[in-house]
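Participant: Starting off with a structure, shown below.
The values are calculated or read from the model by the stated rules, or taken from the named source; none is laboratory data. Nothing here was measured: the structure is a model prediction, and the numbers come from that model. Every residue, glycine as well, gets a Cβ built from its backbone with ideal geometry; the counts of neighbours run over all protein chains shown. Accessible surface is based on the protein model in full, side chains and every heavy atom, while ligands, DNA and RNA are left aside. Shrake-Rupley method; radii C 1.70, N 1.55, O 1.52, S 1.80 Å.
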Amino acid sequence: MGVDLRQVLAGILTLTMFVMLGHMIKRDHFDSVQEKFPGPTKDVAKVTPVRSLNKKGAIPWKNDVQELKQCWSKPESADEGRQSKGYVTFSLTDGPEYHVSQIADAVVVARYLGATLVVPDIRGKELGDKWSFGDIYDVKKFIESLDGVVKVVKTLPSEISPRKLSVIKVPNRVTEDYILEHVEKVFKKSGSIRLATYFPSVNMKKSTTSSDGDSVPCLAMFGTLELQPEINEVIESMVERLKTLSRKSNGQFIAVDLRIEMLGENGCQEASGSKSCYTAQEIALFLRKIGFNKDATIYLTQPRWENSLDDLKDLFPKTYTKESIMPADKKAKFLNAESSEYEKVIDFYVCSQSDIFVPAISGLFYSNVAGKRIGLGKNQILVPATIRESTASASNFISSYITKKNHLAYSCFC
């Protein structure tokens with residue numbers, strides 16, 4: 001009986017489509033999963049070196065930076081007739097991936113209430129960990145960027161005690177309806193309030209509806225925060241160092257958000273069986289199978305080198321953490337035990353500026369780095385997966401935030 005080549009070809013194409021569909025489903029799950037703070041990693045079989053899958057010197061770098069323009073215009077000046085005598089205070093917490101959202105919520109609330117916004121302080125996870133806003137961000141730029149949108153002052157008037165302010169929790173991406181129902185009455189009664197943003201979800205997909213009010217959160221998230229000069233200089237020097245180390249890849253480097261303390265005890269498995277994070281060994285194999293060779297330069301967000309990272313370095317010898325590329329005269333200030341907030345900021349901005357970003361951990365860091373990169377036109381975000389085949393195309397693993405253009409940032413940039 002003869003073989004129908006058309007049927008064979010159809011079968012191959014069908015199988016290929018199922019494989020690609022599987023990868024797309026995994027990416028969507030990774031984008032929507034809730035952030036966890038689990039314990040130590042489970043032992044994984046050691047990655048054995050595999051032969052480069054590309055021709056000599058060929059690696060899957062792409063220079064497809066797509067510069068976007070901001071879609072929003074600066075909101076109309078606040079109605080002075082609605083300006084109250086009250087104040088809205090808040091703190092930035094948990095790292096820069098949270099800061100951008102906390103700023104946006106505070107600005108939206110203050111503008112709706114006609115309140116004066118107080119420049120926030122910055123607090124760490126440990127009691128007593130506290131920095132001024134100017135330790136990390138440019139205070140002058142922050143105040144000037146919001147001129148006419150909300151009134152901003154550096155400090156609360158001395159006659160108002162911070163301890164007596166009513167504390168109101170608001171969900172991330174707070175709506176005017178929520179402010180009307182849960183915030184406005186308390187504000188009118190108390191005169192001033194302290195906000196605390198909570199995160200029902202770390203998903204940053206854009207809403208299906210848009211309004212003129214979108215210009216306020218867009219401005220707050222993408223137009224208010226600039227680093228203070230010293231931190232910016234450190235980041236720029238680190239990025240330049242990584243580019244210098246990447247001569248064989250035309251000055252391009254990969255940033256991987258991989259922090260060992262965030263990896264789960266059960267291989268980062270979710271209830272559905274899909275993974276929400278990947279170990280160093282799994283990232284190494286993923287990168288090799290999509291075509292990166294040993295000359296690829298990799299930056300890790302892991303604070304210090306640990307033995308569990310050795311398998312990644314075996315396949316990619318040019319793998320670095322902050323301690324190996326930061327200028328020596330800056331380490332005392334930015335790498336000591338009390339400067340974890342500085343380290344988080346450095347990681348966030350290096351990952352935003354890298355040529356390729358690989359989030360080994362799902363969560364708000366991934367989501368808001370993606371938003372920052374979209375604004376910069378840097379679309380190379382590769383979501384890892386367990387690849388069963390011997391090789392795969394890197395384009396199959398581009399974040400669905402990019403392929404579907406469903407990130408909140410696409411409401412602000414076009």
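Participant: Is it the case that some residue within the stretch 284-303 is open to solvent by 20 Å² or more (accessible area, probe 1.4 Å) and touching a His at 6+ places or on another chain (Cβ under 9 Å)?
Facilitator: Checking the stretch 284-303: not a single residue is open to solvent by 20 Å² or more (accessible area, probe 1.4 Å) and touching a His at 6+ places or on another chain (Cβ under 9 Å).
Participant: Taking the stretch 163-179, which residues are in contact (Cβ under 8 Å) with a residue 12 or more places away in the chain and either open to solvent by 30 Å² or more (accessible area, probe 1.4 Å) or not in a helix (DSSP H, G or I) (or both)?
Facilitator: If the condition is that a residue be in contact (Cβ under 8 Å) with a residue 12 or more places away in the chain and either open to solvent by 30 Å² or more (accessible area, probe 1.4 Å) or not in a helix (DSSP H, G or I) (or both), then Leu165, Ser166, Val167, Ile168, Lys169, Val170, Pro171, Asn172, Arg173, Val174, Glu176 are the ones that fit.
Participant: List pairs: first in the stretch 290-305 and in the same structural domain as Phe397 (by the TED database), second among the basic types (Lys, Arg) and not in a loop (DSSP other than H, G, I, E, B), Cβ under 8 Å, 6+ apart or cross-chain?
Facilitator: So the pair list comes out as Asp295/Lys248; Pro303/Lys322.
Participant: Out of everything in the stretch 306-360 that is among the basic types (Lys, Arg) and without any contact (Cβ under 8 Å) to a residue 40 or more places away in the chain, what residue ends up being surrounded by the most Cβ atoms within 10 Å (Cβ to Cβ)?
Facilitator: Across the stretch 306-360, the extreme among qualifying residues is Lys313.
Participant: Anything in the stretch 395-414 that is farther than 13 Å from Gln66 by Cβ, open to solvent by less than 20 Å² (accessible area, probe 1.4 Å) and either part of a loop (DSSP other than H, G, I, E, B) or out of contact with any strand residue (DSSP E or B) (no Cβ under 6 Å at 6 or more places or on another chain) (or both)? List them, or say none.
Facilitator: The answer is Ser399, Ser400, His407, Cys412.
Participant: Also: Is the stretch 118-131 home to any residue that is touching a residue at least 12 places away in the same chain (Cβ under 8 Å) and either outside the structural domain of Phe187 (by the TED database) or in a helix (DSSP H, G or I) (or both)?
Facilitator: No: zero hits.
Participant: Name, by its number, the condition in (1) at pLDDT 95 or above; (2) touching a His at 6+ places or on another chain (Cβ under 9 Å) that does not hold for Lys275.
Facilitator: Result: Lys275 passes all but (1).
Participant: What tally of residues in the stretch 120-137 results from selecting those that are at pLDDT 95 or above, hydrophobic (A, V, I, L, M, F, W, C) and open to solvent by 20 Å² or more (accessible area, probe 1.4 Å)?
Facilitator: 0
Yes or no, residue by residue, for (1) of a type in the set (Asp, Glu); (2) touching an Asp or Glu at 6+ places or on another chain (Cβ under 7 Å); (3) assigned to a helix (DSSP H, G or I):
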site	(1), (2), (3)
Asp329	yes, no, yes
Asn368	no, yes, yes
Arg373	no, no, yes
Ala385	no, no, no
Arg388	no, no, no
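Participant: Gly191 fails exactly one of the following numbered conditions: (1) at negative phi; (2) open to solvent by 10 Å² or more (accessible area, probe 1.4 Å). What is the number of that condition?
Facilitator: Against the list (1) at negative phi; (2) open to solvent by 10 Å² or more (accessible area, probe 1.4 Å), Gly191 comes up short only on (1).
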